[in-house]
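Student: The structure follows.
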Amino acid sequence: MKLVLLWSDILFFLLIAATVAGAVVASRTEHLRQCWRRVGQSRVGMGAAAVLAVFFLIGAVDSLHFRPQLPDSPQGEPRYSAEVLSALDVLLTPLRTRTEKTYSAPLATHLYAKETLDDAGRDFPPLQYPGTHLFGTDKVGQDVLYLTLKSIRTGLLIGTLTTLIMLPAAVFLGLLAGYAGGWIDDVIQYLYTTLNSIPGVLLIAAAVLMMQVAIDNHPEWFATSAERADARLLALCAILGITSWTGLCRLLRGETLKLRELEYVQAARALGVSGTRILWRHILPNVMHIVMIAIVMDFSGLVLAEAVLSYVGIGVDPNTISFGTMINTARMELAREPMVWWSLAAAFAFMFVLVLAANLFADAMRDAFDPRMVDR
Amino acid sequence: MSLLAVRDLSVAIGAASPVEGVSFDIAAGETFALLGESGCGKSMTALALMRLLPDAARIAGGSVQFAGNDLCALSEAQMRGVRGGKIGMIFQEPGSSLNPVMTIGAQIAEALNVHADSVDGNRVVELLAAVGIPDPQRRATEYPFQMSGGMKQRAMIAMTLAGEPELLIADEPTTALDVTIQAQVLDLLDGLRRQRRMAILLISHDLGVVAQMADRIGVMYAGQLVEVAPRAAFFATPGHPYARRLFAALPNAASRQYRLATIPGSVPPLGTLHAGCRFAERCGEVLPICRVQVPPWREHAPGHAVRCHLDALLSQKVGAGETASASLPTGSGTPLLEVADLRVHFPIRRGVLQRAVGHVLAVDGVSLRLDAGRTLALVGESGCGKTTVGKAILGLQAPTAGMVKLHGALMHGLAPAAMQMVFQDPFGSLNPRLRVEEIIAEGSPTARVDELLQQVGLSADMANRYSHEFSGGQRQRIAIARALAVKPILLICDEPTSALDVSVQAQILNLLTDLQAQLGLAYLFITHNIAVVDYLAQEVAVMYLGRIVERGTVDEVLRGARHPYTQALLAAVPKIEGGNEYLRVAGDPPSPANPPAGCHFHPRCPRAVARCREAYPEAEALSATHAACCFLAGAK
Amino acid sequence: MLAYLIRRLLYALPILIGVNVITFALFFIVNTPDDMARMQLGVKRVTPEAIEKWKSERGYDKPLFWNDSAAGADKLSDTIFFGKSVKMFALDFGRADDGRDIAREITLRMGPSLVVAMPVFALGLFAAITFALLLVYFRATYLDFAGVVLCVGMMSVSGLFYIIGGQWLVSKIWHLVPISGYAEGMTAAKFVILPVIVSVLAGIGSSARWYRTIFLEEYTRDYVRTARAKGLSERWVLFRHVLRNALIPILTGAVVVIPTLFMGSLLIEAFFGIPGLGSYTIDAINAQDFAVVRAMVFIGSALYIVGLLLTDISYTLVDPRIRLS
């Protein structure tokens, strides 16, 4: 067995580490502790958080990648499979390996289409693993539940890494524009107005097309197809990030403009505190709630966007298992007679639960963190 | 029979009761004032009468009899006929209380549509004229943002008059206005009351306003009425210890040599459980019984009832405290602060290329001089540029011209630590994300936080807490400690007490006097409150529209004012003693973007002569320290 | 006010130039024309001649910014930057890979896009505002709570689900309207009605919830209390004061998208076979037709900038505080 560390794995675990570190800091800071206590008092919020935690756990297990040793590799000089597996794959080995020939309905005992059998003419052939496929199987006989569980990681990555990538730029530029003013403000405003005026989907489409050209022209960059798909996923996150930082940046600029005039900032200036220190001590902590709310609010939108973009053909690599690619392939099956509905239903159901939990959690967090709400 | 009879009215917000068991009567044509500090439940009482309580609050008990009807028993539809019809209401913030995107005329017409039988187009104009709005025809077509604060409050009053109310509830009607405008609005209200035999329920925290307006007074504390009395009896012999202490906490010239009496602590927060008297914790004359048993009402004289266990009228009137600290140094040699011809102009940009087409002359040639260890008060109404002067001296605002010298050294850019500022808003001046110790050590990491906390009257164990746990007065103390940490010799205090209740204001004023005596601090005290000036300052400069119009010692300016504006300003302050000589000024201050030619004050000045329209008067020296910028200053 | 608008117009110009430069960099600097040719022709075993031919057919064989071999002003104008980017300001978009004139294609396809997008915009706004008003009217009751729950639920459903579910239910099960397609004239209605309903449904959850927050915030204002103190009825307060004032930010905020309605919706047009600009873009993306994508990016940005201008104008018209100062 050989560990494979994909870039997205590293970032995903960094993100989890950062969340843990953030939680430690929050538990030491009085007002953050209070805010989180308010989140904790919201039953809906905590329920949503529990659901999200399960999703994130699945995503984390699915981010431990390795290449299994080939069984026939000679002693002392192990050879590894080109296929990259994850810890989740190991846990789900029964689901992953129990493939059928083609479509079968949820918990069915027989295939979905008649076939010519050796002995008894045309009939529904029995499944190899009858009654084990909770959500049925797809065209090539893959278990749909397995596919849906594997889609979770992609959705989570898009939802979190995108915000993470754009966050430093949005926060830095927003605070700088608001605090420095003058020509710096003009330049930053020009920058985000310009980027913002390009319709998002089109900019993403153009950028993804270009990225595709670059990746296709340089097959030597990637050792495995998993790495290639991973690079494409990260590039998609980056592109989504570049097109979506403008909103947060503008919000932070406005807030900084307000905070800059507050008396405690004036008092700090009168005490001779330097500009960077004022930004760090007085402005940043007081806009952090906006940043936090933006992170959770963007998450659900991004998960939904992934499905749409993958459908349009400008999303993740077609080989990456995601809600979007699942829906994309399953859509054609609706036109079959009789209809194959279960892959579509499973993908939509999981996505709905994930997005709903994220939305509810975002609401609970906004209520707890927004000072205007707190005052009421 | 009384017009309004409130019996045992209680309001509940969840488990808390911001108003509990309030009873009072108002007769037709009478002004009844509810007096108390913020958070005492005055506004909540008024809103309960109108049944306009916020969503979270509800009337928990009691009855409101108005002209024979129980308002609490009326249906919502019937109640709408009472609101704006029988009872009108005006609010504290005329700016936000009018719909910003409807014309004044349309908003008044709305009220007329509901309550008047026949709507006549002229009625709107008549109403505007009745509240003294000049050019009512044109004003009716204007939007609120085109009017000054005083005009908006007049328009609000006109709107309530549309329904010919028998009772007008005025909730802090002049608190957001300048004193000269306040005087105009109070006169208007009183005139309307006489004309229309309308009763007024006046809600105010200002003893002066109440003294001028009210026939009878009810004092509220922590949701309860604690004293009801006719005006004369109340101001002669206030009965409740809370009321007596409120009087003693008022700063004025007479208390100058003394520390002000303060009420320790602050109004208990909503939701506090009370076993006995709600004031017991802060009362100087508290008895054991006060803590366990709710005091009964006692009638000391006909119409004068007090809710106190003490036989209040027998107890001593609370006098001022011990004598304040030693005498102050007198000025000599180099002044500590010297400001010459300071100007701050803000460009007004217009047009395609955003060229400056004019300037707002926020500060237009101000010169000041302040000696070490002394207090100079900079007095003026809102928008006169006094805060900008403070910021420009500190370097927080870049001056357009002029010079600032500290100890004879010319200053550029940000001022050194020797000069610090204390701000008005105790909630905006402390970063909510920092602990008290971090806030205080902001300017000097080596500061002894515990010593500083004790110096400003807080305990050292508060250093670890966050500012939101503190009351307004405590926050202001923390802000002062932060400034003291860098060992300044001059503090610029920008309205440090105007956001505080009277009793807390007294605590802060005492602290400032103590610090001045201990540390030899000089204060540039920016304020609009004449009483505070009289108590604290040695010298005064009066600002009007970006310029200083009169300066001198406190006695010279406050008791021998020569500039008509100063005289008007002083006269407009409502006095507890009553009977002041009125020099009313009409109209609003003009815009500093376009000051009138000649003397800036001439359009409002009752004594203006032809010369005043032509040239701005030079400062005329009346004594070594006293000068006024008026052509008529020399002539008596 | 005129000066203000002129200034805004002047400010739009550098933004448009910025957009142009960004698209140019994206399409010609990130990947060279050679890369794109190789991509189009199939990466493996492509001859240099084939690449050169592909480039010269499309005018990508010129230098990027500076043509040394040309004479005079052509040194600047006979370049990729001038030919492909600067000319877009003159609405000259060149030809698509299939040889068709892009500008002509755009004028043909604008119509169908508008036929779908305009009703979606108007109905969507109307439905969301009405729904939000209903919730606000019943605020702090179970009806309001249920409505908010419904909103959150609806906004948590993928847009694809509305489309696929709508097509399946309405067209396949109920056979009410054709699954997809388009026709000119009045017959367009039967093709357009389903995509419009689906789009409105997909958008109503989030916008109704957002408008509800705006309305509720307006309800806490002091002037609403004044209006009640005047004795006005609750309905009058809601419509004349709360709704009117809250509509100013809502409507002026909606104005910005009006010009971009021309662009249509990628998803809806692709699913329902509407021959508009949205499906044109999707086809171009799938065919990797860079010239079309570049043109659409430019047009989309230009229309958005027009939208920003219209927002400014509508603000000055609607809000007296801006109109009169």
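Student: If you take the residues in region C:183-203 that are open to solvent by less than 30 Å² (accessible area, probe 1.4 Å) and among the β-branched types (V, I, T), which one is nearest to the other protein chains (Cβ to nearest Cβ)?
Tutor: Step by step, filter region C:183-203, then rank; the result is C:V198.
Student: Identify all residues within region C:65-80 that are open to solvent by 40 Å² or more (accessible area, probe 1.4 Å) and assigned to a loop (DSSP other than H, G, I, E, B); write none if there are none.
Tutor: Within region C:65-80, C:F65, C:W66, C:D68, C:S69, C:A71, C:G72, C:A73, C:D78 qualify.
This table checks each residue for (1) within 30 Å of A:A268 (Cβ to Cβ); (2) at pLDDT 90 or above.
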site	(1), (2)
A:L127	no, no
A:T132	no, no
A:K139	no, no
A:D143	no, no
A:I152	no, yes
A:M166	yes, no
A:V171	yes, yes
A:Y190	yes, yes
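Let's see how each residue does on (1) open to solvent by 30 Å² or more (accessible area, probe 1.4 Å); (2) in contact with a strand residue (DSSP E or B) (Cβ under 8 Å, 6 or more places away or on another chain); (3) at pLDDT below 80; (4) not in a helix (DSSP H, G or I):
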| residue | (1), (2), (3), (4) |
| --- | --- |
| C:I6 | yes, no, no, no |
| C:L13 | yes, no, no, no |
| C:V19 | no, no, no, no |
| C:D35 | no, no, yes, no |
| C:K53 | yes, no, no, no |
| C:Y60 | no, no, yes, yes |
| C:P63 | yes, no, yes, yes |
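Student: In addition: Mind listing just one residue for me: the one in region A:346-362 that is under 10 Å from A:L52 (Cα atoms) and open to solvent by less than 10 Å² (accessible area, probe 1.4 Å) and, of those, nearest to the other protein chains (Cβ to nearest Cβ)?
Tutor: A:V355
Student: Check A:M1 against each of (1) within 30 Å of A:P130 (Cα to Cα); (2) touching a residue at least 40 places away in the same chain (Cβ under 8 Å); (3) open to solvent by 80 Å² or more (accessible area, probe 1.4 Å) and name the one condition it does not meet.
Tutor: (1)
Here's the yes/no breakdown for (1) modelled with pLDDT under 85; (2) more than 31 Å from the chain's Cα centre (by Cα); (3) open to solvent by 40 Å² or more (accessible area, probe 1.4 Å):
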position	(1), (2), (3)
B:D311	yes, yes, yes
B:L314	yes, yes, yes
B:G319	yes, no, yes
B:T334	yes, yes, yes
B:V344	no, no, no
B:R355	yes, yes, yes
B:H359	no, no, yes
B:R369	no, no, yes
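Student: A further question follows. Out of all the residues in region B:438-454, which are more than 9 Å from every other protein chain (Cβ to nearest Cβ), in a helix (DSSP H, G or I) and either surrounded by fewer than 19 Cβ atoms within 10 Å (Cβ to Cβ) or of a type in the set (S, T, Y) (or both)?
Tutor: Taking region B:438-454 as the starting set, the residues that turn out to be more than 9 Å from every other protein chain (Cβ to nearest Cβ) are B:440-441, B:445-454.
Those still in the list that are in a helix (DSSP H, G or I) too: B:440, B:449-454.
B:D450, B:E451, B:Q454 - these are the residues of region B:438-454 that are more than 9 Å from every other protein chain (Cβ to nearest Cβ), in a helix (DSSP H, G or I) and either surrounded by fewer than 19 Cβ atoms within 10 Å (Cβ to Cβ) or of a type in the set (S, T, Y) (or both).
Student: Is there a residue being surrounded by fewer than 19 Cβ atoms within 10 Å (Cβ to Cβ), of a type outside the set (A, V, I, L, M) and not in a loop (DSSP other than H, G, I, E, B) anywhere in region B:543-556?
Tutor: The initial filter retains those residues of region B:543-556 that are surrounded by fewer than 19 Cβ atoms within 10 Å (Cβ to Cβ), namely B:553, B:555.
Okay, now just the ones that are also of a type outside the set (A, V, I, L, M), so B:553, B:555.
Next cut, not in a loop (DSSP other than H, G, I, E, B) only: B:553, B:555.
Yes.
Student: Only residues that are farther than 23 Å from C:T220 by Cβ, modelled with pLDDT under 90 and open to solvent by 60 Å² or more (accessible area, probe 1.4 Å): list them for region B:47-72, please.
Tutor: Once the filter is applied, which keeps residues that are farther than 23 Å from C:T220 by Cβ, modelled with pLDDT under 90 and open to solvent by 60 Å² or more (accessible area, probe 1.4 Å), region B:47-72 yields only B:N69.
Student: Moving on to the next point. Out of (1) under 24 Å from the mean Cα position of the chain (by Cα); (2) within 21 Å of B:E438 (Cβ to Cβ); (3) of a type outside the set (D, E, K, R), what's the single condition that is false for A:V303?
Tutor: (2)
Student: Can you find a residue that is hydrophobic (A, V, I, L, M, F, W, C) and either at pLDDT 85 or above or in a loop (DSSP other than H, G, I, E, B) (or both) anywhere in region C:314-321? Spell out how you get there, then give the answer.
Tutor: Step one: of region C:314-321, the residues hydrophobic (A, V, I, L, M, F, W, C) are C:317-318.
Adding the requirement that they be either at pLDDT 85 or above or in a loop (DSSP other than H, G, I, E, B) (or both) leaves none.
Checking region C:314-321: not a single residue is hydrophobic (A, V, I, L, M, F, W, C) and either at pLDDT 85 or above or in a loop (DSSP other than H, G, I, E, B) (or both).
Yes/no matrix, rows are residues, columns are (1) closer than 23 Å to C:I282 by Cα; (2) open to solvent by less than 30 Å² (accessible area, probe 1.4 Å):
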| position | (1), (2) |
| --- | --- |
| A:R281 | no, no |
| A:D298 | no, no |
| A:N319 | yes, no |
| A:T329 | yes, no |
| A:M339 | no, no |
| A:L344 | yes, yes |
| A:A364 | no, yes |
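Student: Go through region B:495-525 and give me each residue that's surrounded by fewer than 24 Cβ atoms within 10 Å (Cβ to Cβ) and within 14 Å of chain A (Cβ to nearest Cβ).
Tutor: Across region B:495-525, the qualifying residues are B:E495, B:S498, B:A499.
Student: May I ask you to list the residues in region B:396-431 that are within 7 Å of chain A (Cβ to nearest Cβ) and either open to solvent by 20 Å² or more (accessible area, probe 1.4 Å) or over 21 Å from A:R260 (Cα atoms) (or both)?
Tutor: Within region B:396-431, B:L414, B:A417, B:D425 meet the criteria.
Student: Being under 23 Å from the mean Cα position of the chain (by Cα), open to solvent by less than 60 Å² (accessible area, probe 1.4 Å) and not acidic (D, E), is that true of even one residue in region C:130-143?
Tutor: no
Student: If you don't mind, there's one more thing I want to ask. For region B:63-104, give me the residue count where each residue is assigned to a strand (DSSP E or B) and closer than 26 Å to B:S204 by Cβ. It would help to see each step written out before you state the result.
Tutor: Narrowing region B:63-104 to residues assigned to a strand (DSSP E or B): B:63-66, B:69-70, B:83, B:87-90.
Imposing the further condition that a residue be closer than 26 Å to B:S204 by Cβ reduces the set to B:63-66, B:83, B:87-90.
Looking only at that region, the number is 9.
Student: Confirm whether B:R604 is at pLDDT below 90 and more than 30 Å from B:L453 (Cβ to Cβ).
Tutor: Numbers: at pLDDT below 90: yes; more than 30 Å from B:L453 (Cβ to Cβ): yes.
Judged against the criteria, B:R604 is a match.
Student: Can you go through B:L406, B:L414, B:L434, B:L410 and tell me which one is free of Cβ contacts under 8 Å to residues at least 40 places away in the same chain and farther than 13 Å from A:A268 by Cβ? Give the steps one after another, and end with the answer.
Tutor: Details: B:L406 fails: free of Cβ contacts under 8 Å to residues at least 40 places away in the same chain; B:L414 fails: farther than 13 Å from A:A268 by Cβ; B:L434 fails: farther than 13 Å from A:A268 by Cβ.
Result: B:L410 is the single residue among B:L406, B:L414, B:L434, B:L410 that is free of Cβ contacts under 8 Å to residues at least 40 places away in the same chain and farther than 13 Å from A:A268 by Cβ.
Student: Test A:V287 against the stated conditions and say whether it is assigned to a helix (DSSP H, G or I) and within 14 Å of chain B (Cβ to nearest Cβ).
Tutor: Details: assigned to a helix (DSSP H, G or I): yes; within 14 Å of chain B (Cβ to nearest Cβ): yes.
The answer is yes for A:V287.
Student: Name the pairs whose Cβ atoms lie under 8 Å apart, with the first residue in region A:53-71 and under 13 Å from A:L6 (Cβ atoms), the second open to solvent by 60 Å² or more (accessible area, probe 1.4 Å) and assigned to a loop (DSSP other than H, G, I, E, B), and 6 or more positions between them or separate chains?
Tutor: Between residues of region A:53-71 that are under 13 Å from A:L6 (Cβ atoms) and residues that are open to solvent by 60 Å² or more (accessible area, probe 1.4 Å) and assigned to a loop (DSSP other than H, G, I, E, B), the close pairs are A:H65/A:L5; A:F66/A:M1; A:R67/A:M1; A:R67/A:A82; A:R67/A:E83.
Student: Could you check, for region A:184-193, whether at least one of its residues is buried (at least 24 other Cβ atoms within 10 Å of the Cβ), in contact with a Leu (Cβ under 8 Å, 6 or more places away or on another chain) and touching a residue at least 24 places away in the same chain (Cβ under 8 Å)? Show your work before the answer.
Tutor: Within region A:184-193, the first condition is being buried (at least 24 other Cβ atoms within 10 Å of the Cβ), and the residues that meet it are none.
The answer is no; no qualifying residue exists.
Student: If you don't mind, another one. Is it true that B:K42 is touching a Pro at 6+ places or on another chain (Cβ under 8 Å) and either within 18 Å of B:G163 (Cβ to Cβ) or open to solvent by less than 20 Å² (accessible area, probe 1.4 Å) (or both)?
Tutor: Working: touching a Pro at 6+ places or on another chain (Cβ under 8 Å): no; either within 18 Å of B:G163 (Cβ to Cβ) or open to solvent by less than 20 Å² (accessible area, probe 1.4 Å) (or both): yes.
Spelling it out, it is not the case that B:K42 is touching a Pro at 6+ places or on another chain (Cβ under 8 Å) and either within 18 Å of B:G163 (Cβ to Cβ) or open to solvent by less than 20 Å² (accessible area, probe 1.4 Å) (or both).
Student: Another one. List pairs: first in region C:191-204 and at negative phi, second hydroxyl-bearing (S, T, Y), Cβ under 6 Å, 6+ apart or cross-chain?
Tutor: Pairs that qualify, where the first residue is at negative phi and the partner is hydroxyl-bearing (S, T, Y), are C:F191/C:Y182; C:V198/C:Y162; C:L201/C:Y162; C:A202/C:Y162.
Student: Quick one: B:P564 ticks every box in (1) more than 20 Å from B:K391 (Cα to Cα); (2) surrounded by fewer than 22 Cβ atoms within 10 Å (Cβ to Cβ) bar one, so which box is it?
Tutor: Of everything listed in (1) more than 20 Å from B:K391 (Cα to Cα); (2) surrounded by fewer than 22 Cβ atoms within 10 Å (Cβ to Cβ), B:P564 misses just condition (2).
Student: Tell me, please, whether a residue that is touching a helix residue (DSSP H, G or I) at 6+ places or on another chain (Cβ under 8 Å) and within 14 Å of chain B (Cβ to nearest Cβ) can be found in region C:252-271. Even if it seems obvious, please write down each step before you answer.
Tutor: As a first pass, look at region C:252-271 and keep what is touching a helix residue (DSSP H, G or I) at 6+ places or on another chain (Cβ under 8 Å): C:252-271.
Adding the requirement that they be within 14 Å of chain B (Cβ to nearest Cβ) leaves C:252.
Looking through region C:252-271, at least one residue is touching a helix residue (DSSP H, G or I) at 6+ places or on another chain (Cβ under 8 Å) and within 14 Å of chain B (Cβ to nearest Cβ).
Student: Find the residue count for region B:84-101, including only residues that are open to solvent by less than 10 Å² (accessible area, probe 1.4 Å) and more than 7 Å from every other protein chain (Cβ to nearest Cβ).
Tutor: 4
The values are calculated or read from the model by the stated rules, or taken from the named source; none is laboratory data. What you see is a predicted model; the values in this text were computed from it and never measured. Virtual Cβ from ideal backbone geometry, glycine too; neighbours counted across all protein chains shown. Note: accessible area is taken over every heavy atom of the protein model, side chains too, but ligands, DNA and RNA are not part of it. Shrake-Rupley method; radii C 1.70, N 1.55, O 1.52, S 1.80 Å.
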